[in-house]
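The values are calculated or read from the model by the stated rules, or taken from the named source; none is laboratory data. Just so it is clear, the structure is predicted and the values come from calculations on it, not from any experiment. Methodologically, a virtual Cβ is constructed for each residue, glycine included, from the backbone with ideal geometry; neighbour enumeration extends over all protein chains shown. Areas reflect the complete protein model, heavy atoms only, side chains present, ligands, DNA and RNA absent. Shrake-Rupley method; radii C 1.70, N 1.55, O 1.52, S 1.80 Å.
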Amino acid sequence: MAGVAIMGYGVVGSGVAEIIAKHPQMLSARAGQDIYLKYILDVRDFPDSPFADKMIKDFSIIENDPEVSIVVETIGGSTFAYDFTKRALLAGKHVITSNKELVAKHAVEFFEIAADKNVNYLFEASVGGGIPIIRPLNQCLAANKVEEVYGILNGTTNYILTRMIESGLSFEDALKEAQALGYAEANPSADIHGDDACRKICILSALAFGFHVYPDMVRIEGIQNIGAEDIEMADMLGRKIKLLGRAKRMEDDKIYLSVSPYMIPATSPLATINGVFNGIMVKGDSVDEVLFYGRGAGKLPTASAIVADVIDAAKHDRARKWMDWEPADPDRIADCRQVAHEYFVRLQSDDFSAVLAKATEIFGEGNILQLVKTSDTVGGIVVAEIKEGLFFEKLDALKTACGEGVVANKLMLF
């Protein structure tokens, strides 16, 4: 029998309890042994919960109970969650998590403990919520040399951009709407600044390329500077703006990593993924392109991914699954400044023709591929492929020549 303890009775933790209670026979049959919920750890009281009799506040009860073989961590963050996860693994218990911050920061340490104790540390729900991506990337695509992983990894930002595109809302109004609907937190900085997507691309990159990637190794830019003019001009260029996490193998075998708003072709499958949905594209040398699509968050979608890992852990109770990677290697990370992209630059000035002439002089006439305008004072240019470091040098030169306010925004093209 596999006793399960859930740490954290929030939205996702309560969903895990609900699924285990709803399908005990089905889950047990698929696991090859009985799965049952024994404890729920939370500092709060839930007297009206159907699981009130399972509530505890002392982690040591879980830690020292030999009947608990699987611990589900849905606390979030990296303080208590880190301590309890480490102690659970050291106590010889499998740990299942949806905590992308913890995986992105501490996975290598947890893998080492899990290997020593012959248990599993599993995290399907840490990326993409209910979308199966971790296990397929680790197992189903194992015969491929992965060339690139990229996609829409954050439902909050995708919802905001969708509302800006479809209804013409400003960024501020779209954010307020997302908060009112519960899609964005009261403090949405982790979403809109790209930190959440960064943690997820770290995990996907580690699985795809075999070594740990810390968040500070990733070039990050959020969507907070996207304006209605950018949305309009993207449409004029036959493109949509999406926040993408991206990990790409370069010619020298180094990995380029970024989280950034990109202008992508309107014909791209990712351009049609709207609202709170996520989409993740994997490019392999044998399978070519595979798209994973679905709800990237939510109580039951995320809980379903966690319970799938619970079943997997119970199935492999006496044999570890292969689910780990090597320690971080900074030498394998590409220098972003040396990677070339096409760029869109939004310009605004009362003397737009003079600014355009200066931009043409600085970037080179042959390197201005397209020009679009929304008014006499606001427009945008598409700059031919150029290394990032050189692009920013030229952008700074343009600002110096014409004034800081002339460059209203810039975006990479995909």
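So the values come out like this:
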| read-out | value |
| --- | --- |
| Subset of the stretch 32-58 [out of contact with any Asp or Glu (no Cβ under 8 Å at 6 or more places or on another chain) and either assigned to a helix (DSSP H, G or I) or free of Cβ contacts under 8 Å to residues at least 24 places away in the same chain (or both)] | Val43, Asp45, Pro47, Asp48, Ala52, Asp53, Lys54, Ile56, Asp58 |
| Residue within the stretch 65-77 that is modelled with pLDDT under 95, open to solvent by less than 40 Å² (accessible area, probe 1.4 Å) and closer than 30 Å to Cys202 by Cα present | yes |
| Candidate set from the stretch 361-378 (those that are assigned to a loop (DSSP other than H, G, I, E, B) and closer than 18 Å to Cys402 by Cα); member that is most open to solvent (accessible area, probe 1.4 Å) | Asp376 |
| Residue match in the stretch 284-291 (condition: closer than 21 Å to Ala184 by Cα and surrounded by fewer than 24 Cβ atoms within 10 Å (Cβ to Cβ)) | no |
| Top-ranked residue of the stretch 6-56 - restricted to ones that are of a type in the set (D, E, K, R) and farther than 21 Å from Thr97 by Cβ, ranked as surrounded by the most Cβ atoms within 10 Å (Cβ to Cβ) | Asp34 |
| Condition met for Ile223 (in contact with a helix residue (DSSP H, G or I) (Cβ under 8 Å, 6 or more places away or on another chain), part of a loop (DSSP other than H, G, I, E, B) and either open to solvent by 20 Å² or more (accessible area, probe 1.4 Å) or on the phi < 0 side of the Ramachandran plot (or both)) | yes |
| Residue list for the stretch 336-352, filter: touching a strand residue (DSSP E or B) at 6+ places or on another chain (Cβ under 9 Å) and not in a strand (DSSP E or B) | Cys336, Arg337, Gln338, Val339, Ser349, Phe352 |
| Residue list for the stretch 309-326, filter: over 20 Å from the mean Cα position of the chain (by Cα) and open to solvent by 30 Å² or more (accessible area, probe 1.4 Å) | Lys315, His316, Asp317, Arg318, Ala319, Arg320, Trp322, Glu326 |
| Lys358 being without any contact (Cβ under 8 Å) to a residue 12 or more places away in the chain and either open to solvent by 40 Å² or more (accessible area, probe 1.4 Å) or assigned to a strand (DSSP E or B) (or both) | no |
| Subset tally (residues that are within 17 Å of Asp83 (Cβ to Cβ) and out of contact with any helix residue (DSSP H, G or I) (no Cβ under 7 Å at 6 or more places or on another chain)) for the stretch 110-124 | 1 |
| Counted residues, the stretch 1-55 - those being of a type in the set (Phe, Trp, Tyr) and more than 16 Å from Asp65 (Cβ to Cβ) | 3 |
| Pairs where the first residue, in the stretch 329-350, is without any contact (Cβ under 8 Å) to a residue 40 or more places away in the chain and the second is open to solvent by 30 Å² or more (accessible area, probe 1.4 Å), C-beta under 7 Å, 6+ apart | Asp350/Thr377 |
| Any hit, the stretch 287-302, residues being over 20 Å from Ile131 (Cβ atoms) and touching a Lys or Arg at 6+ places or on another chain (Cβ under 7 Å) | no |
| Members of the stretch 379-406 that are open to solvent by less than 20 Å² (accessible area, probe 1.4 Å) and either under 21 Å from Glu232 (Cα atoms) or of a type in the set (S, T, N, Q) (or both) | Gly379, Gly380, Ile381, Val382, Val383, Ala384, Val406 |
